[in-house]
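Asker: Starting off with a structure, shown below.
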Amino acid sequence: MSASASTPSTPSTPSSESSPSSPSSLSSPSSSSSAAAPSGVVARLRAAGCVFAEDEACLLVSAARSAAELTAMVDRRVAGLPLEHVLGWAEFSGLRIAVDPGVFVPRRRTEFLVRRAAALARPGAVVLDLCCGSGALGAALAAALGRAELYAADIDPAAVRCARRNVAAAGGRVYEGDLYEPLPAALRGRVDVLLANVPYVPTEEVGLLPPEARIHEARVALDGGADGLDVLRRVAAEAPGWLAPGGSLLVETSERQAALAVETLASAGLTPRVSRSEELYATVITGTRPPGRTA
């Protein structure tokens, strides 16, 4: 999964909406829990640079089972661990998604990609989540559809272990390997919706990402090559062979990369369409395999 904390990065990068630990991607604490947050916890978080210190304190207090555990959790957060890794989960599209240490944290902006996919799919659709990370996209789309035949894949063993937990409710299957390589051959030509939140940060800009992403998320989930589109090119090139006639590939990209991403999907024989959400600062490119074309 591509590259969601306190300080936004530049708008051209995938983490511009929020870095991993923005409480916008987590459950909002109630007013009663807010009142219960110890002032010392809030002060420590604020001193460490957490902009949303009060909200984070409430979430940590609600998750801790003892004073000792709370202290340990605050220590990890103050040391720079993303809040989602401290808590062990992130909220995404109304679901609580398990997020293990080192695994890419799903960003709120990527909910727009799920919405676009849900608008195209039908209950029972065959869904493939490539570069799946925690499996958040596939799990969210399956939940939105009510029923789906779900497959997912990632090259990172830690992400695969995490994704298997998150897609279990949908009966999904998660494979470990490079893009399409580990998938069963019987899936070729059957995929109705291919979700691919590929890494799209240009290599030279990875060092500009917030420390929570740069240090605590796998580099393979962030680095998209020289122009940020290397993985997208590989996904798009093989997509027609895996998509069913009329099936669609959906990818997230930055605004500045959109034109080149459109060219990439068109060159692969897909019919591209650009969708944008000003609310989430998100850009999604949909590439559809023409119904009558042989892959």
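Asker: Can you give the FRET efficiency to the nearest 0.05 for Arg173 and Ala79, using r as the Cβ-Cβ distance and R₀ = 35 Å?
Answerer: On the way: r = 36 Å, r/R0 = 1.03.
Plugging the Cβ-Cβ distance into 1/(1 + (r/R0)^6) gives 0.45.
Asker: Another question about this same structure. Where nothing but the Cβ of Lys and Arg (+1) and of Asp and Glu (-1) is charged, how large is the charge dipole of the chain around its Cα centre, in debye to the nearest 20?
Answerer: 720
Asker: Moving on. Provide the percentage of antiparallel DSSP beta bridges, counting only those with both residues in the chain; round to the nearest 5.
Answerer: If I count the DSSP bridges inside the chain, around 45 percent turn out antiparallel.
Asker: Could you sort Glu84, Glu255 by their accessible area in this structure, using a 1.4 Å probe and putting the largest first?
Answerer: On the way: Glu84 0, Glu255 85 Å².
Highest to lowest solvent-accessible surface, that is Glu255, Glu84.
Asker: If you roll a 1.4 Å probe over the range 157-290 with all protein chains in place, what percent of the accessible area is carbon or sulfur?
Answerer: Exposed carbon and sulfur together represent 52 percent of the surface.
Asker: While we're on this one: With only Lys, Arg, Asp and Glu charged, each at its Cβ (+1 for the first two, -1 for the last two), find how big the charge dipole of the range 95-138 is about the Cα centre; round to the nearest 20 debye.
Answerer: Approximately 260 debye in magnitude.
Asker: Of (1) 18.9, 64; (2) 33.4, 105; (3) 18.4, 59, which one was derived for Rg and Dmax of the Cα atoms in Å from the structure shown?
Answerer: (1)
Asker: Separate question: Suppose each label sits 7 Å from its Cα in the direction of the beta carbon; what would the Ala237-Ala68 distance come out to in nanometres?
Answerer: 5.5
Asker: Another question about this same structure. Along Cα→Cβ, 7 Å out, is where each label goes; now give me the distance between the ones at Ala186 and Glu263 in nm to one decimal.
Answerer: Using points 7 Å along Cα→Cβ, the separation is 4.1 nm.
Asker: Provide the gained length on full extension for the span Ala158 to Ser39, in nm with one decimal, where the gain is 0.36 nm per separating residue minus the Cα-Cα distance.
Answerer: Values: separation 119, 0.36 × 119 = 42.84 nm, distance 3.54 nm.
Taking 0.36 nm per residue and subtracting the Cα distance, the gain is 39.3 nm.
The values are calculated or read from the model by the stated rules, or taken from the named source; none is laboratory data. Small disclaimer: the values here were computed from a predicted structure and weren't measured. Cβ atoms come from the backbone with ideal geometry, glycine included; neighbour counts cover every protein chain shown. Note: areas computed on protein heavy atoms with side chains; ligands, DNA, RNA excluded. Shrake-Rupley method; radii C 1.70, N 1.55, O 1.52, S 1.80 Å.
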